[in-house]
Amino acid sequence: MKRALHFGAGNIGRGFIGKIISEAGYEVIFADVNGQVIDQLNIDKEYEVEVVGENSKTDIVKNVSGIMSNDPEKVKEAGLRVSLITTAVGPNVLKIISGSFADVIKARKEKGLEEVLNIIACENMVKGTTFLKENIYEKLNESEKEYADKYIGFPDSAVDRIVPPVNAEGKKPTYVVVEEFYEWIVDRNLIKGDLELEGMIKTDNLMAYIERKLFTLNTGHAITAYIGKYKKYKTIDESIKDADIRNIVKGAMGESGEVLIKRYSFDREEHFKYIDKIIKRFENIYLKDDVERVGRQPLRKLGKNERLIKPLLGTLEYNTSNENLVTGIAYALKFDGSDEESVKLSSMMKEKGLAETLKEVTENSIGEDITARVESIYNKL
Ligand SMILES: NC(=O)c1ccc[n+]([C@@H]2O[C@H](COP(=O)([O-])OP(=O)(O)OC[C@H]3O[C@@H](n4cnc5c(N)ncnc54)[C@H](O)[C@@H]3O)[C@@H](O)[C@H]2O)c1
Ligand SMILES: O=P(O)(O)OC[C@@H](O)[C@@H](O)[C@H](O)[C@H](O)CO
């Protein structure tokens with residue numbers, strides 16, 4: 001049986017990527033720092049995935065096990081036995097785990113392995129695998145880099161499935177609830193060997209797909225969360241039902257859409273159908289997706305290559321409208337989530353003020369005009 005190693009046995013790891021890989025006939029070894037989940041995977045060797053929506057169903061994912069990600073020997077041992085390594089740990093964690101990947105590559109070279117290994121980061125970021133590869137290569141010497149160039153593929157990917165955290169009474173810590181929709185798109189040109197997985201779409205045009213997903217779904221999702229939290233809604237489906245929020249969210253997705261249509265020559269009618277389908281996904285009452293989860297890590301989400309600022313910069317490039325995106329950014333700055341980055345953002349806003357905070361988190365990528373417009377909306381909240 002083919003084997004795969006997946007870093008991040010969280011929502012997406014178990015609810016999407018690990019499930020797809022297991023159902024493609026692989027044994028899946030999960031690596032995580034969450035001992036409770038790892039222990040449960042090793043006890044049961046399977047876990048339950050509830051697919052919720054109009055046609056709900058329960059799937060059992062089999063042939064799984066777990067190792068602690070911070071046990072270098074276990075990670076190296078697993079890395080020698082697999083042909084595929086994937087991640088879903090969060091963009092901020094990729095740098096932290098890059099050393100484990102470097103150790104696996106060194107061990108495979110020492111052992112003289114000539115089988116190919118594909119490494120795919122399945123994160124909400126543009127070119128996550130390329131970023132991971134850069135961090136890995138910093139830890140390799142010249143001959144190890146030559147080995148990696150020959151035998152290791154680093155294809156970038158775009159992942160899409162809404163998978164909220166769940167604490168269901170009487171369910172195991174490995175139980176996960178997912179929506180029906182899923183889309184995993186991988187850059188065909190960077191795959192080594194013949195990686196064929198049912199449920200994985202290979203493309204020559206990955207950037208278009210990554211930007212379409214991140215700057216449509218995640219742009220709208222974030223703004224739904226930020227305004228929803230401000231208006232004291234708990235879940236995404238409650239927020240998107242609020243007509244004022246819906247108008248701003250659809251407006252922002254449309255503004256970002258105009259940029260994507262110009263940049264990638266998307267068919268306009270098709271793209272706006274894609275937007276409508278995503279809004280319907282936000283309305284899924286069975287997901288009970290918390291606005292806190294969707295708004296988490298606002299410093300990351302206000303980054304210049306991220307879901308709010310990158311589309312806004314596109315509107316400046318193409319001279320198209322952006323008032324809803326600007327509104328969304330103002331609400332993002334108001335987000336009082338409980339995660340570390342939200343707490344940091346709140347203290348930055350208190351200590352430095354809006355203009356300085358925006359300048360820092362967006363790496364000085366938006367000018368004074370936009371900042372003034374954000375500030376004027378922010379001050380009325
Ligand atoms: N949840 C979704 O709807 C969704 C959908 C598409 C993409 N994503 C992306 O997938 C990634 C993971 O998101 P998630 O929602 O599954 O988050 P999550 O918090 O549920 O899962 C992340 C997992 O990584 C683990 N982790 C942290 N540090 C680690 C380390 N050093 N080694 C191994 N594991 C470690 C955590 O313990 C956790 O289990 C993010 O990039 C996210 O943007 C999420
Ligand atoms: O995971 P994040 O923090 O980048 O963004 C939160 C959500 O928007 C995200 O997890 C979506 O549910 C997901 O991108 C859907 O494919």
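The values are calculated or read from the model by the stated rules, or taken from the named source; none is laboratory data. Here the structure is a predicted model, which means the values were calculated and not measured. Glycine gets a Cβ as well: all are built from the backbone with ideal geometry, and neighbour counts include every protein chain shown.
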Identify, please: which residue in segment 158-187 is within 16 Å of residue 121 (Cβ to Cβ) and more than 10 Å from ligand 1 (Cβ to nearest atom) and is, among those, surrounded by the fewest Cβ atoms within 10 Å (Cβ to Cβ)? 185
Apart from one, (1) surrounded by 16 or more Cβ atoms within 10 Å (Cβ to Cβ); (2) within 19 Å of residue 69 (Cβ to Cβ) all hold for residue 99; the odd one out is (1)
Going through segment 281-296 in order, the residues found to be more than 16 Å from residue 12 (Cα to Cα) and crowded, with 21+ Cβ neighbours inside 10 Å are 281, 282, 284, 291, 295
Quickly run through segment 199-238 and pick out the residues that are on the phi > 0 side of the Ramachandran plot and not assigned by TED's automatic domain parsing to the domain that holds residue 22. 232
If you scan segment 174-201, which residues turn out to be at pLDDT below 95 and either under 14 Å from residue 11 (Cβ atoms) or within 16 Å of ligand 2 (Cβ to nearest atom) (or both)? 199
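Please go through segment 1-56 and pick out each residue that is touching an Asp or Glu at 6+ places or on another chain (Cβ under 6 Å) and within 16 Å of ligand 2 (Cβ to nearest atom). Show your work before the answer.
Residues of segment 1-56 touching an Asp or Glu at 6+ places or on another chain (Cβ under 6 Å): 1, 3, 9, 24, 38, 49, 51, 53.
Passing the criteria: 9, 49, 51, 53.
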In segment 366-378, anything surrounded by fewer than 18 Cβ atoms within 10 Å (Cβ to Cβ) and among the polar types (S, T, N, Q) is listed as 376
Can you name every residue in segment 114-124 that is within 16 Å of ligand 2 (Cβ to nearest atom) and either more than 25 Å from residue 2 (Cα to Cα) or not β-branched (Val, Ile, Thr) (or both)? 121, 122, 123, 124
Per-region count, segment 21-54, residues more than 12 Å from ligand 1 (Cβ to nearest atom), crowded, with 22+ Cβ neighbours inside 10 Å and either in a helix (DSSP H, G or I) or without any contact (Cβ under 8 Å) to a residue 24 or more places away in the chain (or both): 2
What tally of residues in segment 319-339 results from selecting those that are without any contact (Cβ under 8 Å) to a residue 40 or more places away in the chain and either crowded, with 16+ Cβ neighbours inside 10 Å or not in a loop (DSSP other than H, G, I, E, B) (or both)? 0
Sort through 171, 139, 127, 111 and tell me the only one that's away from ligand 2 (no atom under 16 Å from the Cβ) and either touching a residue at least 60 places away in the same chain (Cβ under 8 Å) or in contact with a strand residue (DSSP E or B) (Cβ under 7 Å, 6 or more places away or on another chain) (or both). 171
Out of (1) surrounded by 18 or more Cβ atoms within 10 Å (Cβ to Cβ); (2) within 21 Å of residue 19 (Cβ to Cβ); (3) within 16 Å of ligand 2 (Cβ to nearest atom), the one residue 94 does not meet is (2)
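Based on this model, can you work out whether residue 274 counts as of a type in the set (Ser, Thr, Tyr), closer than 25 Å to residue 57 by Cα and in the same structural domain as residue 340 (by TED's automatic domain parsing)? Break it down into steps so the answer makes sense when it comes.
Details: of a type in the set (Ser, Thr, Tyr): yes; closer than 25 Å to residue 57 by Cα: yes; in the same structural domain as residue 340 (by TED's automatic domain parsing): yes.
Yes: the conditions hold for residue 274.
Restricting attention to segment 202-218, which residues are within 13 Å of residue 275 (Cβ to Cβ) and aromatic (Phe, Trp, Tyr)? Give the derivation first.
First, the residues of segment 202-218 that are within 13 Å of residue 275 (Cβ to Cβ): 212-213, 215-218.
Correct list: 215 only.
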Which residues, counting only those in segment 275-328, are away from ligand 2 (no atom under 16 Å from the Cβ) and either farther than 19 Å from residue 261 by Cβ or of a type in the set (Ser, Thr, Tyr) (or both)? 315, 318, 320, 321, 326, 327
